[in-house]
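First comes the structure, then the notes that go with it.
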Amino acid sequence: MSDDHTHVQEFFGARAADWDSRFPDDGPAYAAAVAEMGLREGDRVLDAGCGTGRALPPLRSAVGPSGLVLGADLTPAMLEAAVRAGRDRDGRLVLTDVAALPLGSRSLDAVFAAGLIAHLPDPAGNLRELARVVRPSGVLALFHPIGRAALAARQGRRLTPDDLRARDNLAPLLAGSGWGMTSYADEDDRFLALAVRAD
């Protein structure tokens, strides 16, 4: 396991048990972000870096009983918290690295990723892996329940020009990784960038 993986597992493993209680009001923001993805009944969708699975219920609602919902995370304690919360009823949980997904190429219609991009050791390569498993014209949603400035303030840091999620940095990163950004919102109460898989 790489040092990056160990760090992520240690960071999130230590916080998994009380993660949902620390952020109890995020549910509506997750549901609103999923609604903007334009998912349809029967779609196949991955929640990449699903954590405690907060996106799984709205994803299941969007794709219906005939759709496929997968939640993938690198941290066992986060997936255990998702099971305790009953969210495994809304999607199949998979312990895996999103940098090497055990999925066939073009096997999904969409990927939802909340707070993931800041934890990717190789953002360009990892976004290419997400593109690999999504069909052409499939959707990627990069989401956070608060915007970049609010998140930086919460973490006691300042925004810098090299912030990966800044529009001027994110658009070319996505374009170089097989995605075309279609919308970008960075507000106090949410961050949401939507992209479409290039053909």
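The values are calculated or read from the model by the stated rules, or taken from the named source; none is laboratory data. In this text the structure is predicted, and so the values were computed from the model without any measurement. Counting neighbours? That spans all protein chains shown, and the Cβs are built from the backbone with ideal geometry, glycine included. Surface accessibility is based on the protein's heavy atoms, side chains included, excluding ligands, DNA and RNA. Shrake-Rupley method; radii C 1.70, N 1.55, O 1.52, S 1.80 Å.
Here are some notes:
- Selection of first residues in region 178-190 that are in a loop (DSSP other than H, G, I, E, B) and modelled with pLDDT of 95 or more and of second residues that are surrounded by fewer than 16 Cβ atoms within 10 Å (Cβ to Cβ) and not hydroxyl-bearing (Ser, Thr, Tyr), restricted to Cβ pairs under 8 Å at least 6 apart or on distinct chains, gives the following pairs, ordered by first then second residue: Gly178/Arg128; Gly178/Ala198.
- Summed over region 60-103, residues that are of a type in the set (Ser, Thr, Tyr) and under 15 Å from the mean Cα position of the chain (by Cα) total 2.
- Flag for Ala150 being outside any loop (DSSP other than H, G, I, E, B) and in contact with a strand residue (DSSP E or B) (Cβ under 9 Å, 6 or more places away or on another chain): yes
- Given (1) open to solvent by less than 30 Å² (accessible area, probe 1.4 Å); (2) at positive phi, number of the condition Ser137 does not satisfy: (1)
- The set of residues in region 169-199 being of a type in the set (Phe, Trp, Tyr) and open to solvent by 20 Å² or more (accessible area, probe 1.4 Å) consists of Tyr184 alone.
- Residue match in region 168-181 (condition: touching a strand residue (DSSP E or B) at 6+ places or on another chain (Cβ under 8 Å) and hydroxyl-bearing (Ser, Thr, Tyr)): no
- Looking across region 92-115, just one residue is among the charged types (D, E, K, R), within 19 Å of Val196 (Cβ to Cβ) and surrounded by fewer than 15 Cβ atoms within 10 Å (Cβ to Cβ), and that is Arg106.
- Within region 128-144, one or more residues are farther than 20 Å from Asp26 by Cα, in contact with a strand residue (DSSP E or B) (Cβ under 8 Å, 6 or more places away or on another chain) and assigned to a helix (DSSP H, G or I).
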